[in-house]
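*Asks:* What follows is a structure written as structure tokens; I'll ask about it next.
Each value in this text was obtained by applying a stated rule to the coordinates, not by laboratory testing. Computed from a predicted model, the values in this text were never measured in an experiment. Here Cβ is always computed from backbone atoms with ideal geometry, including for glycine, and neighbour counts include all displayed protein chains.
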């Protein structure tokens, strides 16, 4: 009796790794994901917002809110560019560490320490603490910058030392240091504001100078300074990572620590140096927030941008130039959601849900960039005898 041969059935769908897709193909997939996410957002809004159910034609107004949120007035446009600049600066700070596979989750705390250091210098030397001691504005701004850079660098150096010497988990270490930075800000506010209000208020000194008044209204000239500083930082970081020896060493350590050691690269030195650079950029972002925008400090001065910047850097594949685009998309969605909340009188979490849906589709598109779905081919029917 001959044994029966059973043929294994192929699965209906199986995954295969794509060859490295070109830039145009990758961007086409991301754009398609963004458009699909926006369509789903419109459907969700139609189902949940009563005004849209009563007047379905207003769905176009829903989409128009994203344009109005960033581009309807000059003020909103400048706010859009300023928000991109600050978020981009923090994302740039994360990029060297992430390229080295050092998962720095502490940009929130490092930036907050930069804000705190800048405001501390302003508080003690700008006349708020002692009116008799008031430094000239230009020297005060320079000292604020130096203090912010130093504070950010120190806050980045601490986890780097522990990683380099004792091989601690950098993700947990940098994450917990965010809370330490928040507690330090709370302590300083208690010391500086004896009334117990924990609100320092906007300081009168330490303000960015007004420039290019012929091209921009004085109210927005501070934003222009911030934007120019961040653009310069973007160009420098791009050159640093792609055309310098330090950038090459960062890439080698990120690819393989053993290979780096084999070719004579000091891994400990690279970790420490790179995290100092990361901390310096976070300190710069803190300076821009403290001196260029708020001229004050609270525990929410950074506003979660340290965590949002992780997504900005990852979506751009740690390319400083691409981060301009990814940061722009994030800010575009945020300001559009705020406009939807105002135009449709929506309170609660719906605007955040809308942002989350679009980001879900954008992040999910990375799967289809790296993998493709293969469906089982239909087998031909056997000829009937």
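*Asks:* Angle check, please: helix 23-48 long axis (alpha carbons) against the longest principal axis of the chain (alpha carbons), in degrees 0 to 90, nearest 10.
*Replies:* So the inclination is approximately 80 degrees.
*Asks:* Out of 242, 83, 104, any idea which swings most in a Gaussian network model of the chain, alpha carbons joined below 10 Å?
*Replies:* Of 242, 83, 104, the most mobile in the Gaussian network model is 242.
*Asks:* Return 266, 139 ranked ascending by Cβ neighbour count within 10 Å, so the fewest neighbours appear first.
*Replies:* Final ranking by Cβ density, sparse to dense: 139, 266.
*Asks:* Based on the mean of other beta carbon atoms within 10 Å per residue, what is the order of 314-320, 180-186, most packed first?
*Replies:* The packing order, highest mean first, is 314-320, 180-186.
*Asks:* Another question, if that's okay. Among 255, 108, 170, which one moves the most in a GNM of the chain with springs linking Cα atoms closer than 10 Å?
*Replies:* Looking only at 255, 108, 170, the biggest GNM fluctuation is shown by 255.
*Asks:* Provide 300, 222 in ascending order of the number of other Cβ atoms located within 10 Å of each residue's Cβ, fewest first.
*Replies:* Ordered from fewest to most neighbouring Cβ atoms within 10 Å, 300, 222 come out as 300, 222.
*Asks:* Extent of the range 205-331 along each principal axis, from alpha carbon coordinates, in Å, largest to smallest?
*Replies:* Cα extents, longest axis first: 56, 31, 25 Å.
*Asks:* Looking only at 297, 263, 86, which one moves most when the chain is put into a Gaussian network model with springs between Cα atoms under 10 Å?
*Replies:* 263
*Asks:* Quick one: helix 267-287 against the long Cα principal axis of the chain, what's the angle to the nearest 10°, folded into 0 to 90?
*Replies:* Roughly 60 degrees, rounded to the nearest 10.
*Asks:* What list do you get for 190, 119, 363, 357 if you sort them by fewest beta carbons within 10 Å?
*Replies:* 190, 363, 357, 119
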